[in-house]
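Notes follow the structure.
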Amino acid sequence: MRRIRQPGPLPSVGSLLNEAGYLGLQERFPRVLVVQAIREQLARERQSGLSGDEDRLSAVGALLADWAAPRLRPVINGTGVVLHTNLGRAPLSRAAAAAAAEIAAGYSNLELDLETGRRGDRSALVEDLLRRLTGAEAALVVNNNAAAVLLALTALGARREVVVSRGQQVEIGGSFRMPDVMRLSGARMVEVGTTNRTRAADYEAAVGPRTAALLRVHTSNFRVTGFTETPPLEELARVARRHGILLLDDLGSGALEPIFDEPTVAESLANADLTTFSGDKLLGGPQAGIALGKSATVGRLVKHPLARAVRVDKMTLAALEVTLRERLLGRASPVASMLSATPTELRRRAGFLMVRLEERGVEASLVEAESAFGGGSLPGRGLPTVLLALDGRASRLAAALRRGAPPVLARVEGNRCCIDLRTVLPGEDDALQDAIEAAVLASRGR
Ligand SMILES: *Cc1c(COP(=O)(O)O)cnc(C)c1O
């Protein structure tokens with residue numbers, strides 16, 4: 001770029017606005033925005049002492065283009081982490097996403113009973129589906145599982161005591177820490193047992209006149225091995241029943257069918273008074289918190305004023321309804337399809353991509369590895385996969401892929417930049433190939 005040292009004073013914003021190039025910008029962007037961009041550019045020039053008329057116009061244009069560029073963008077997930085929190089967890093099915101878009105763009109019967117014309121309840125729209133799928137008596141959907149747990153503890157345990165094991169004081173993703181949520185709810189947390197061992201008798205001994213509930217928290221994102229003990233949920237249910245208190249179960253993922261040793265929704269409902277889990281983990285739906293359980297218990301959550309503050313919005317409900325119906329009809333969610341992809345299928349897909357890349361002069365090979373569940377699900381459980389490993393400097397390639405269009409998130413394994421096709425959605429392979437070619441060129445060019 002041509003840089004010249006400006007000897008005299010910088011031009012005024014007003015005079016620049018009347019120049020041809022800036023008039024052109026005002027045809028594409030609001031005048032106030034062009035003014036802001038000019039001011040910002042002039043301030044930079046004042047600081048650096050560098051300026052030039054041609055550079056200035058293109059710099060102002062670049063600022064405007066940057067401000068107008070989309071920030072939240074689709075990316076290709078080549079990490080193999082299926083429920084990647086930083087990448088938005090579960091991708092929705094096409095139908096679920098379309099339903100959210102359609103409901104978002106218009107009016108809907110969100111809180112209106114079309115039969116009677118009376119006011120309806122938004123959560124009731126999916127309650128039938130949830131009951132049919134899980135056998136639960138009642139259901140409530142809120143903003144996310146953190147909200148469901150907070151609401152449950154507030155509505156059922158405020159100013160009373162809730163007993164929880166020291167081995168289950170989990171932190172989920174940095175901001176959700178069970179002791180903090182407990183404090184926020186106004187429930188007093190009574191800790192029992194030790195980090196590695198807690199018995200039913202420990203819970204029993206902690207129950208007193210002020211106890212409202214026992215709480216089990218699924219240790220969804222870590223694994224304690226060795227000398228450990230946790231009472232089965234049935235035993236906790238027996239303790240709760242004996243003392244006439246509630247058993248609350250924060251499941252985290254909410255596996256409807258058994259997968260590895262993840263606790264299932266059915267097992268939880270058979271024992272607990274209230275079960276909570278996320279909509280966007282193993283269920284494969286939108287971000288949501290699902291609370292299931294006895295009518296009396298769920299009813300107390302519904303009536304609590306906090307329920308209004310954490311209520312679910314119409315786009316989420318639309319996507320969740322479709323996700324649940326697809327589940328009921330036996331159609332696999334994108335998350336389920338990714339989880340069930342076999343190493344043979346993944347090898348074929350990666351091999352096909354490798355051959356096509358080789359034809360374009362990009363060298364790669366196949367490497368056996370493991371994909372992860374992610375999103376605080378099934379820690380330490382890997383799914384066998386086959387990676388496409390690209391030749392070249394791993395960190396430089398990964399950065400070039402990330403900065404590409406569309407951005408591709410790769411994973412660096414054994415000092416190589418790798419793509420796990422498990423999390424690359426069907427239909428993304430061509431875009432991925434182009435992105436890899438572009439990234440390889442960009443990283444060679446430096
Ligand atoms: C993931 C998780 C949460 C938080 O759920 P969000 O839907 O992310 O709010 C809470 N508890 C457990 C056990 C979890 O695994």
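The values are calculated or read from the model by the stated rules, or taken from the named source; none is laboratory data. Note that the structure is predicted; figures quoted are calculated from it, not measured. Ideal geometry is used to build each Cβ from the backbone, glycine not excepted, and the neighbour counts take in all protein chains shown. When the accessible area is computed, the model is the full protein with side chains, heavy atoms only, and any ligands, DNA or RNA have been set aside. Shrake-Rupley method; radii C 1.70, N 1.55, O 1.52, S 1.80 Å.
For region 300-315, name all the residues that are in contact with a strand residue (DSSP E or B) (Cβ under 8 Å, 6 or more places away or on another chain), open to solvent by 10 Å² or more (accessible area, probe 1.4 Å) and within 15 Å of the ligand (Cβ to nearest atom). Hits for region 300-315 are 310, 311. Out of all the residues in region 58-66, is one or more free of Cβ contacts under 8 Å to residues at least 40 places away in the same chain, surrounded by 15 or more Cβ atoms within 10 Å (Cβ to Cβ) and of a type in the set (D, E, K, R)? No, because not a single residue in region 58-66 is free of Cβ contacts under 8 Å to residues at least 40 places away in the same chain, surrounded by 15 or more Cβ atoms within 10 Å (Cβ to Cβ) and of a type in the set (D, E, K, R). For region 60-87, enumerate the residues that are outside any helix (DSSP H, G or I) and over 21 Å from residue 400 (Cα atoms). Residues satisfying the conditions are 82, 83. Tallying residues that are open to solvent by less than 30 Å² (accessible area, probe 1.4 Å) and either in a helix (DSSP H, G or I) or hydrophobic (A, V, I, L, M, F, W, C) (or both) within region 395-428 yields 14. Selection of strands (runs of 3 or more DSSP E) fully inside region 103-211 by the criterion of at least 3 residues being buried (at least 18 other Cβ atoms within 10 Å of the Cβ) and polar (S, T, N, Q) returns nothing.
Of the numbered criteria (1) at positive phi; (2) within 12 Å of the ligand (Cβ to nearest atom), the one residue 159 fails is (2). Mind telling me which of the residues 211, 225 ends up being free of Cβ contacts under 8 Å to residues at least 60 places away in the same chain, away from the ligand (no atom under 16 Å from the Cβ) and within 31 Å of the chain's Cα centre (by Cα)? So the residue among 211, 225 that is free of Cβ contacts under 8 Å to residues at least 60 places away in the same chain, away from the ligand (no atom under 16 Å from the Cβ) and within 31 Å of the chain's Cα centre (by Cα) is 225. Summed over region 162-176, the residues that are within 14 Å of residue 248 (Cα to Cα) and away from the ligand (no atom under 11 Å from the Cβ) give a count of 4. Does residue 190 count as at pLDDT 90 or above, within 16 Å of the ligand (Cβ to nearest atom), on the phi < 0 side of the Ramachandran plot and not hydroxyl-bearing (Ser, Thr, Tyr)? For residue 190, the condition - at pLDDT 90 or above, within 16 Å of the ligand (Cβ to nearest atom), on the phi < 0 side of the Ramachandran plot and not hydroxyl-bearing (Ser, Thr, Tyr) - is not met.
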